[in-house]
Every structure is written in structure tokens, then in C-alpha cells.
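For reference, the structure discussed in these notes is given below.
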Amino acid sequence: MIIRWILNSLKLALFIAAGLSLANWGGDQLFVLELAGHFKPQWALLLLALTLLLLICRQFKWVVLGLCVLGINGVEFSPWYLPQTVSKSAKRLPLRIYFFNPSLYNNHGEDFKHQILAEQPDLVILQEANPEYIQQMQALKRSYPYAYFNLSHQLMTNRDMAVWSRFPLGKPQRNMLGVDNTPAMHLELHAPGHNFELLIVHPESANRSQAFVLRHQQMQAVSKYIQQRPGSWILIGDLNITPWSPLYQKMVTATG
């Protein structure tokens, strides 16, 4: 009786884990599914563990089910964890970007400055930029003479962002996506031998249903904004989303 109860519990757990690992498929429709879909790798690891336990218990039909769902998950998220091969003939542009969201109350600005000095990026971008980090970067303004800020003139907010560059920045625009004052900056980046359109955005964190709807609108606005303006685009930011989210995948498909 106990053995049967254990087997049934393992089968039920595997069935639930399999469903949760594929929850992102409905993530553009339901807030709960989109939220669960962010943990796809974790659900896949749980599914693998349950599949191995059922293999030990010789429940081969359930093992086949687990392996099939694991294969589907592997196709979706493994490319983001495997090293990408680059053709030797591919042209590499000498552009190093350092992006960081320190959060408003992170007080390790000195460590941040040391890391910038060690890495020597061409472009430094902060979101949720607090005064300590801005002050540390301002101390490096000889190395990064071009800067642009999108800061609130009140208390610190998670909408604040800033960018510093070794190369000229032009035609700055901010909060121009037209969706609930979405934090965003659009600048021209004049790097050696190539010009880029730089779009920095910080969509809403979809931890509730209303924010999910707003973030959906913001991602659509980002896609539309890029589509309407030809050029070589760099989109960067804390998107509050995972690469296997259908919202992210639709944006990538729409913008090429």
C-alpha cells in the first residue's frame, strides 16, 4: 500500500512538474502562467529528478513522458546556456557594454568603480541608479566624457537611469514610448566605424495582474518603436522577463 502511494505521488508530481515547465506557452495570456514560466529551468530540474526516480521504480511509460517533456524544454532554454560559436569570418565590432541595475539602496559604489576600472567598458549603463553610483561614475568622467541622465527630480525611484560613454552620444530622447511614462532612453551612439541606435528600457516588474498587462503593453511599444525606425539597434535594460517568455520571443521576432 505504501509503495503504491509513493508511486502515485511520484507520477502526480511528474505530471504537475511537466505542466509547470511548459507554463510559458500560455504566458502571453495569463499572468499566473507567465510568472510560473520564468522558472522553466528549475521545473525542468525537478522533472529530471522525478523521471530518474520513476526509472528506478521501473515505471517506463512515465519515464518516456518525462523524457519527452524534458526534450521540449531543452530545445527552448538550452541555447541560452550553451556557448555560441561565432564564424571566423563574422565581423566583430569593438564595443564593450557594462550594464548594471544596482537597485536603489545598494551602497557598494566603490566596488562598482573598481570593476569599471578593471573591465574598461566603452559604455556604462545604470538602471535604478542611486546617487552613490552616479557619483562614482562622475569621478571617471575623463574616461567617459559623454553622459546622459534620465533622473526624477524627487526622491530616488526605480525609473532613474544613466549612461556614460567613451564615444559621442547624440539626439537623446527619454520616456518616448507612450505607455504610462515607461522609463526609456533613445540615443545615437557614434562608435568607431559604426553608428548605433541605443534603446535603454526598464519595463514593469509583472508581479501582479495589472503590472502584467502594463508590461505587455510596454514590450509591444518597444517592438513598434524599433520597427518604425531603421538602423542598427542595441536594446538593453532590465526587462523583468526571461528569454523563454512568449512576450520576449515575440519582440525578438518582430524586431528581427
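The values are calculated or read from the model by the stated rules, or taken from the named source; none is laboratory data. The shown structure was predicted, so the numbers you read here are calculated from the model rather than taken from an experiment. Positions of Cβ are backbone-derived with ideal geometry, glycine not excepted, and every protein chain shown enters the neighbour counts.
Can you tell me which residue among Ile125, Ile134, Ile116 is surrounded by 13 or more Cβ atoms within 10 Å (Cβ to Cβ) and outside any helix (DSSP H, G or I)?
On the way: Ile134 fails: outside any helix (DSSP H, G or I); Ile116 fails: outside any helix (DSSP H, G or I).
Exactly one of Ile125, Ile134, Ile116 is surrounded by 13 or more Cβ atoms within 10 Å (Cβ to Cβ) and outside any helix (DSSP H, G or I), namely Ile125.
Does segment 164-180 contain at least one residue that is of a type in the set (A, V, I, L, M, F, W, C), touching a residue at least 40 places away in the same chain (Cβ under 8 Å) and closer than 19 Å to Ile97 by Cβ? Among the residues of segment 164-180, at least one is of a type in the set (A, V, I, L, M, F, W, C), touching a residue at least 40 places away in the same chain (Cβ under 8 Å) and closer than 19 Å to Ile97 by Cβ, which makes the answer yes.
Do any helices (runs of 4 or more DSSP H) entirely within segment 1-101 hold 1 or more residues that are exposed (fewer than 12 other Cβ atoms within 10 Å of the Cβ) and modelled with pLDDT of 85 or more, and if so, which?
Details: elements: 2-21, 31-37, 40-56, 60-77.
Qualifying helices (runs of 4 or more DSSP H): 2-21, 40-56, 60-77.
Here Ile236 clears all of (1) buried (at least 18 other Cβ atoms within 10 Å of the Cβ); (2) under 16 Å from the mean Cα position of the chain (by Cα) except the condition numbered (1).
Have a look at Arg166, Arg229, Arg208 and point out the one that is under 23 Å from Gln135 (Cα atoms) and out of contact with any Lys or Arg (no Cβ under 8 Å at 6 or more places or on another chain). Outline the logic, then answer.
Numbers: Arg229 fails: under 23 Å from Gln135 (Cα atoms); Arg208 fails: under 23 Å from Gln135 (Cα atoms).
After ruling out the rest, the residue left standing is Arg166.
So the check is Cβ under 6 Å with 6+ separation or different chains; which pairs have a first residue in segment 227-256 that's over 20 Å from Phe39 (Cα atoms) and a second one that's surrounded by 18 or more Cβ atoms within 10 Å (Cβ to Cβ) and among the aromatic types (Phe, Trp, Tyr)? Pairs that qualify, where the first residue is over 20 Å from Phe39 (Cα atoms) and the partner is surrounded by 18 or more Cβ atoms within 10 Å (Cβ to Cβ) and among the aromatic types (Phe, Trp, Tyr), are Ser232/Phe196; Ile234/Phe196.
Looking at segment 138-145, can you tell me whether even one residue there is under 22 Å from the mean Cα position of the chain (by Cα), at negative phi and not aliphatic (A, V, I, L, M)? No, every residue in segment 138-145 fails to be under 22 Å from the mean Cα position of the chain (by Cα), at negative phi and not aliphatic (A, V, I, L, M). Annotation: of all residues in segment 157-188 being in contact with a helix residue (DSSP H, G or I) (Cβ under 7 Å, 6 or more places away or on another chain) and in a strand (DSSP E or B), the one that is modelled with the lowest pLDDT is Ala162.
One residue is enough: does segment 191-198 have a residue meeting the conditions surrounded by 22 or more Cβ atoms within 10 Å (Cβ to Cβ), under 14 Å from Ser232 (Cα atoms) and at pLDDT 75 or above? Steps first, please.
Here is the first cut: in segment 191-198, the ones surrounded by 22 or more Cβ atoms within 10 Å (Cβ to Cβ) are 198.
Add one more test, that the residue is under 14 Å from Ser232 (Cα atoms), and what stays is 198.
Add one more test, that the residue is at pLDDT 75 or above, and what stays is 198.
Yes.
Which one of Ser223, Ser165 is among the hydroxyl-bearing types (Ser, Thr, Tyr), farther than 26 Å from Asn106 by Cβ and either in contact with a Phe, Trp or Tyr (Cβ under 6 Å, 6 or more places away or on another chain) or crowded, with 16+ Cβ neighbours inside 10 Å (or both)? Quick ask: steps written out before the conclusion?
Details: Ser165 fails: farther than 26 Å from Asn106 by Cβ.
Checking each option against the conditions leaves just Ser223.
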